[in-house]
1. Taking the Cα centre of the chain as origin, sum charge times position over the Cβ atoms of Lys and Arg (+1) and Asp and Glu (-1), and report the length of that vector in debye to the nearest 20.
2. Taking a ≥ b ≥ c as the square roots of the eigenvalues of the Cα gyration tensor of segment 260-302, is the shape rounded (a/c under 1.5), prolate (a/b larger than b/c) or oblate?
3. Given Cβ point charges of +1 (Lys, Arg) and -1 (Asp, Glu) and nothing else, what value in debye, to the nearest 20, does the dipole of segment 386-506 about its Cα centre take?
4. Roll a 1.4 Å probe over the protein heavy atoms and report the accessible area of Phe292 in Å², nearest 10.
5. By how many degrees, between 0 and 90 and to the nearest 10, does the Cα long axis of helix 427-438 differ from the longest principal axis of the chain?
6. How large, in percent, is the carbon and sulfur part of the accessible surface of segment 324-380 at a probe radius of 1.4 Å?
7. Suppose each label sits 7 Å from its Cα in the direction of the beta carbon; what would the Thr407-Glu348 distance come out to in nanometres?
8. Need one value: the accessible area of Arg250 in square angstrom, 1.4 angstrom probe, rounded to the nearest 10.
Amino acid sequence: MDRVIIFDTTLRDGEQAAGTGLTPAEKVEIAKQLERLGVDVIEAGFPISSPGDFEAVQAISREIKDCTVCALSHATPEAVDRAWEAIKEAKQPRIHVFLSASDIHLMYQLRKTRDEILEMARDMVARAKRYTEDVEFSPMDATRTEPVFLYRILEAVIDAGATTVNIPDTVGYAIPAEFGDLIASILEKVPNIDKAVLSVHCHDDLGLAVANSIEAVRRGARQVECTVNGIGERAGNASLEEIVMALKTRSDFLKLTTNIDTTQIYRTSRLVSELTGFVVQPNKAIVGANAFRHQSGIHQDGVIKQSITYEIIDPRSVGVPASTLVLGKVSGRHAFRERLAELGYTLEGEAFERAFKAFKELADKKKEVTDKDIESLIAEEKRTASEVYHLDHVQVSCGDHSVPTATVRLVAPDGKVLADAALGTGPVDAVYKAINRIIKVPNRLTEFTVKSVTEGIDAIGEVLIRIESDGVSYTGRGASTDIIVASAKAYMNALNRLLLAKKEHKK
Ligand code: KIV
Ligand code: ZN
């Protein structure tokens, strides 16, 4: 069977989605998980776009050993040089040069002729080639580019040394049959196409990104560019998990494989959602909360008798936790550690003790501690590990005839205990105002969502918030069986990320 190269652009195109605000350390954490997942290429960022992006790409290049690390670059000498500077320590470095090719972009945005574009593309690929053997070129807005010009530009960049040529459906305009025909025509009309890998990069403006990508590989493309949970510019990119599982589940028809360890899919999706703050919609294929839930009586009956009746994918094959009762009040350290290992987590020393303490407290409040609860505890533990200020205590008084009042106590980085109180329009507002009286960083709350991790009145509540400061957005999450405590933790998490980012920026 032929293999399709999985090029993950979660950290570049995915990160371009409004309001992700990932720190360099978080990007490294996602990159390491992508390496575990088995993607072939990680597009780590766009080094010339900001010092933070440069730093993240450089850190990922140093850390990742088993994947190609790619940096995006405009078709300018400065951008190509900067891209190389960021990835030069990678074991397998790739420079990805892009340049608009459609007349719409040439006329209204770049104000350049086709010949000028051709020359820039050729020159910048040649420049990148002086740095690394592995060079990719993307003619932006390819699906609205006049095909004969597209063939010319592809031929020219392959001659200049491009080893991958990527066909971006930049505005999500293509229809599967039409896109497939374009791919087949490129394979037929570009004389030197056998010297490069043909890749596709589809956006989801018409909800067709995955369908277009699958049609493209069916017609001969051998690299797909995609993101975890389908995050990306506007409506997003083709979703990695949907492409990989379509290729795997329908290998009888498509006869194609990937290198992906599918059991890592669920964990990767959770991590990306957790760190970007983009909640996965419940009905999302493969990784949504309802993807393997059967509601109708007929379906439940069928699945109980034989899962194949209504399930085309075994949830365990994508790493979805069983979500059955696993641990309770009487479970000890050993059982907890074993369950963590089964879920793919290893915590040592203080981190383990903190998580175990949180588990015991939860088990006291909740009869059944499920895998999803444990995942939530671990996420909370990770957030605690990277704190600047720690929330030590929160107390509120509220009701329909009283003024909401909150008292909070925080521990500062130097160990000092700081306490304050405030009134608010509601209990969460009062808590946030009390925290603001201690950590005096101006910001604006732009989003606030609460959801429960599992069913039942005793469920853990997860709060996701976004705050904005100096035009930059920071997400925060918090989890607790008490939603006011979860809200306070989410705010502290967002503030801590803001403080860390400002500190990094000053360096
Ligand atoms: O959508 C697009 O055209 C891109 C290119 C930079 C490949 O993201
Ligand atoms: Zn894109």
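The values are calculated or read from the model by the stated rules, or taken from the named source; none is laboratory data. Please read all numbers here as calculations on a predicted model, not as lab measurements. No Cβ is skipped: glycine too gets one built from the backbone with ideal geometry, and neighbour counts run over all protein chains shown. Accessible surface areas use protein heavy atoms only, side chains included; no ligands, DNA or RNA. Shrake-Rupley method; radii C 1.70, N 1.55, O 1.52, S 1.80 Å.
1. Its charge dipole is roughly 1020 debye.
2. oblate
3. With Lys and Arg at +1 and Asp and Glu at -1, about 520 debye.
4. 50
5. The angle comes out at about 80 degrees.
6. After summing per-atom areas, the C and S share lands at 53 percent.
7. 4.1
8. 120
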